[in-house]
Structure formats: C-alpha cells, structure tokens
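As structure tokens, the structure follows; a few thoughts come after it.
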Amino acid sequence: MTEQHFSARTRSRSGRSSLGVAHVDQRHNEEFTVVGNHLAQHPDLSLTAIGLATHIQSLPTGTLVGIKVLAAKFPEGETRIAAALRELEQHGYLSRTKERLPSGRIVTRTTSYNKPQARRGHAAPAPRREPAPDPKEPEHPAPTTTAPLPTPDASGLPAHRTARNVLVGLRTLDPRLHLAERDVRRLAPAVAAWLERGVAPDAVQRTLAADLPSEGVRHPAGFLAHRLTALLPPPFEPFGTGPEAARPDPLQNCDDCDRAFRSPRSGRCRGCRTARSAA
C-alpha cells in the first residue's frame with residue numbers, strides 16, 4: 001500500500017525569513033493617511049502614543065481632540081490618554097497652547113505635526129477663528145469661570161485673614177496650587193463665604209486640593225475660582241439655634257406625702273390637693 005505524504009508549498013520572499021510577519025498590501029485610492037516610519041516605529045514612544053498620533057493625523061482640521069473627547073472614543077481612559085499626549089508633545093508630534101477667546105473663556109489649541117522636525121523648522125500656523133468648542137471639550141477647570149465668585153454676607157476682618165491663610169497654605173498641600181498675591185486678594189472673599197457657612201479652614205483646603213487633574217493645573221487661580229463657585233456649600237445652621245424646646249417642670253416633693261411630682265413650684269401633689277378639697 002502506497003502512503004500519501006502531504007506537504008505545504010514553500011514560498012520564498014527574497015531573502016526574508018518565513019517566520020516573520022507577512023504583508024498583504026493593497027493600494028489605497030481614497031480615505032487613507034500617510035504615516036512616516038519615524039512615528040510608526042518610534043523607539044521611545046509607547047504604543048498608545050503612536051496609535052493616538054496616527055488617529056489625530058487622520059482627523060480633519062477643526063476636529064476636537066481634548067482628553068475627554070478622546071476618552072469617550074477609546075477604552076484607554078483619561079489618564080493613559082493624557083500621558084500619551086504628553087509623550088507626543090515631548091517628541092515634537094504635538095503642541096497644545098492656551099488661548100483666550102473674546103468672551104474671556106480660555107480654550108486649548110492643538111497642532112499636530114506629521115514630522116517632528118517640522119515643528120522646529122517652521123513656526124506654528126496662526127490659530128484660525130472657530131466657533132466656541134463643545135462644552136465637553138475644555139480640559140478640567142483651568143478655564144476661567146463665567147459665574148461670579150461667592151461673597152460673604154459680612155465683611156469681617158478676621159474671616160478675611162483666615163481666608164487668605166487658607167489660600168496661601170494650599171501650596172503646602174500641593175506645589176501646583178501656588179498663588180500670586182493678587183490672586184489671593186481676589187479669591188479671599190470667596191473663601192470667606194465658605195467659612196461663613198460653617199466650613200472649617202482645613203476642610204476648605206482639603207476640598208480645593210482634592211483630586212487634582214492628572215495632566216496638572218496650568219492656571220491655579222482659575223482652577224480654584226471654579227471650585228469655589230461650583231462647590232459652594234449651602235448655608236448651615238447648627239442644631240439648637242432655633243426656639244428652645246419646652247423643658248418639663250422640675251421635680252418637687254409633696255409637703256404632705258413626700259412623694260415626688262413635677263411642678264414649677266413646691267407644694268402638694270395632685271392627690272393630696274384632691275383629698276384636701278374632698279375633706
């Protein structure tokens with residue numbers, strides 16, 4: 001009986017190992033993006049950064065690419081996306097600058113470079129006028145708030161002095177919350193409003209310094225103004241400040257039977273008074 005031997009046909013590819021990746025290349029005539037190997041094979045960038053740069057380079061001009069917008073598209077989350085954006089900035093594939101709109105709002109302008117040397121050799125293009133971005137776009141409360149800062153009902157000097165100490169002391173909790181003198185003067189009345197509503201100074205500091213954004217705080221004064229306005233607690237009245245609850249009459253000893261009874265003044269208990277009346 002003759003045995004059959006099956007063997008796969010060998011395929012050579014001009015000196016390349018058959019164990020490596022094989023390519024099936026088809027020409028793109030539309031909907032494609034040219035990405036340089038300096039990016040696709042960058043030795044110092046993470047895969048997240050390379051993929052994010054490729055995605056950004058494929059987007060039309062004017063597309064929003066803030067951290068929250070990208071985190072809504074991809075499963076990596078805000079922390080990993082923020083870290084990848086910092087990598088791209090460090091290696092010259094991306095630049096992000098703050099710009100104040102005529103309305104006073106601060107937005108982030110992002111410029112993508114398909115070659116890192118293009119950033120060094122040419123000036124960045126002048127930002128073009130665009131409609132105000134989606135409210136979901138701004139990166140954390142670095143923008144200035146449009147709502148007025150809270151103010152205390154009373155202008156007591158001790159409260160303002162404590163408020164200044166609260167603001168100045170924030171830098172000991174986190175160096176990113178260092179404030180200039182003019183910012184302390186502007187924000188002190190808002191902190192005094194918190195103190196007036198029964199919040200302890202250390203509690204105000206903890207609230208203002210809690211959960212700072214992972215990408216940092218570029219404008220501490222604007223960031224704190226936003227929190228002082230958005231997180232302002234309601235007025236609080238401690239228990240016992242209202243009308244005092246009626247108290248029971250004190251205990252008295254009956255002059256006849258020596259039993260205890262409640263009455264605003266000493267004398268006889270009800271039973272003894274009834275017996276005397278009947279007699």
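The values are calculated or read from the model by the stated rules, or taken from the named source; none is laboratory data. All of these numbers come straight from a predicted model, not from anything done at the bench. Counting neighbours? That spans all protein chains shown, and the Cβs are built from the backbone with ideal geometry, glycine included. We work out accessible area using only protein heavy atoms, side chains counted, and drop any ligands, DNA or RNA first. Shrake-Rupley method; radii C 1.70, N 1.55, O 1.52, S 1.80 Å.
Accessible area of His219 (1.4 Å probe, protein heavy atoms only, ligands and nucleic acids ignored): about 60 Å².
In the complete set of protein chains, residue-level accessible area for Thr61 is approximately 120 Å², probe 1.4 angstrom.
Label points 7 Å out from Cα along the Cβ direction at Asp249 and Arg206: separation in nm? Distance between label points: 4.9 nm.
When Asp202, Asp25, Asp183 are compared by accessible surface with a 1.4 Å probe, the order from highest to lowest is Asp25, Asp202, Asp183. Applying 1/(1 + (r/R0)^6) with r as the Cβ-Cβ distance of Arg161 and Gln90 and R0 = 41 angstrom yields a FRET efficiency of 0.45.
With R₀ fixed at 41 Å, the C-beta to C-beta distance from Arg270 to Phe236 puts the FRET efficiency at about 0.35. Remark on Ser263: its backbone amide H falls under 5 Å from those of Gln252, a criterion applied only to residues 5 or more positions apart or on other chains, H modelled at 1.01 Å from N. Given R0 = 35 Å, the distance between the Cβ atoms of Ser214 and Ser58 translates into a calculated FRET efficiency of 0.85. Rounded to the nearest 10 square angstrom, Lys98 shows an accessible area of 70 square angstrom against a 1.4 Å probe.
Approximating the spin labels as points 7 Å out from Cα along Cα→Cβ, the His38-to-Glu99 distance works out to 2.5 nm.
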